[in-house]
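Before any comments, here is the structure.
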Amino acid sequence: MTSLIAGPDDRARCAWVGDDAEYRRYHDEEWGTPLRGDRALFEKMALEGFQAGLSWITILRKRPRFREVFAGFDVDVVAEFDESDVERLMVDAGIIRNRAKIEATIGNARIVRTMADGELDALMWSFAPASRPRPASFADVPAVTPESTAMSKELRRRGFRFVGPTTMYALMQSAGMVDDHIEGCWRAAELG
């Protein structure tokens, strides 16, 4: 697989975008852009957890419904969800109906609720590695790093679920903790 692809605007992009307009928008506007804030990172953690075993485009297309049924990923609201909410979510075809992932999201919200304001943000960003050379191709992009493994281990120690090292590396990429835009991608030039 080639590492870059030209879009309809003739801009070179990371090839994983393919020809999907929503992927292109996500790549151009979100992926690799630093994301801060407890609520935003809680949402990212939840969605990356739901993505485990699936393609990200599936989650991206369902994200508006996820936001709706999970109260905008408001930690305090999600932390109060009970079994009736789990059952309501299990029959909602607009999301991924996986009981373990739904229950993990609720449980993770309960953990975040016990943390000080800004603590989740500070914790997650504490694992962001020092800058490294820009990947020249997809072959240079890892699936797991020592930093994502350490983040996963610490989150699991605190009781979080669906936060494995591969999932946490995907979060680090999407939240801009690492910049894996391939050399030659127009976003790589923009992000520096």
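The values are calculated or read from the model by the stated rules, or taken from the named source; none is laboratory data. Only a predicted model underlies this, so the values are computations on that prediction, with no experimental measurement involved. Neighbour counts are summed over all protein chains in view; Cβ atoms, including those assigned to glycine, are modelled from backbone coordinates with ideal geometry. All accessible areas refer to the heavy atoms of the entire protein, side chains included, with ligands and DNA or RNA removed. Shrake-Rupley method; radii C 1.70, N 1.55, O 1.52, S 1.80 Å.
Some notes on this structure:
- Taken over the stretch 51-192, the alpha-carbon convex hull comes to 125 cubic angstrom per residue.
- Nearest-10 value in Å² for the accessible area of Leu54, using the 1.4 Å probe: 70
- The relative contact order of the stretch 1-90 comes to 17 percent, based on Cα pairs under 8 Å that sit 6 or more residues apart.
- If only the Cβ of Lys and Arg carry +1 and only the Cβ of Asp and Glu carry -1, the dipole of the chain around its Cα centre is close to 440 debye.
- In the chain, Cα pairs under 8 Å separated by at least six residues give a relative contact order of 31 percent.
- Selection from Val86, Ile57, Ala71, by position along the positive dipole direction of the stretch 1-124 (Cβ): Ile57
- Annotation: per residue accessible area for the chain equals 47 Å², rounded to a whole number [probe 1.4 Å, protein chains only].
- Net lengthening on full extension, Glu68/Arg39 (0.36 nm per residue, minus Cα-Cα): 9.0 nm
- Only Lys, Arg (+1) and Asp, Glu (-1) charged, at Cβ; the stretch 1-96 dipole about Cα centre in debye: 420
- Whole-percent carbon and sulfur share, accessible surface of the chain, 1.4 Å: 53
- Fluctuation leader among Val91, Val178, Val141 - the chain, Gaussian network, Cα springs under 10 angstrom: Val91
- Solvent-free Debye calculation, one equal scatterer per alpha-carbon of the stretch 125-192: log10 I(q)/I(0) at 0.19, 0.27, 0.28 Å⁻¹ equals -0.72, -1.21, -1.27.
- The charge dipole of the stretch 135-192, taken about its Cα centre with unit charges on the Cβ of Lys, Arg, Asp and Glu (plus for the first two, minus for the last two), comes to roughly 540 debye.
- Computed over the stretch 1-67, the P(r) tail beyond 19 angstrom holds 39 percent of alpha carbon pairs.
- Estimated 222 nm signal from helices in the chain, with DSSP H stretches of n ≥ 4 weighted -39500 (n - 2.57), rounded to 500: -15500 deg cm²/dmol
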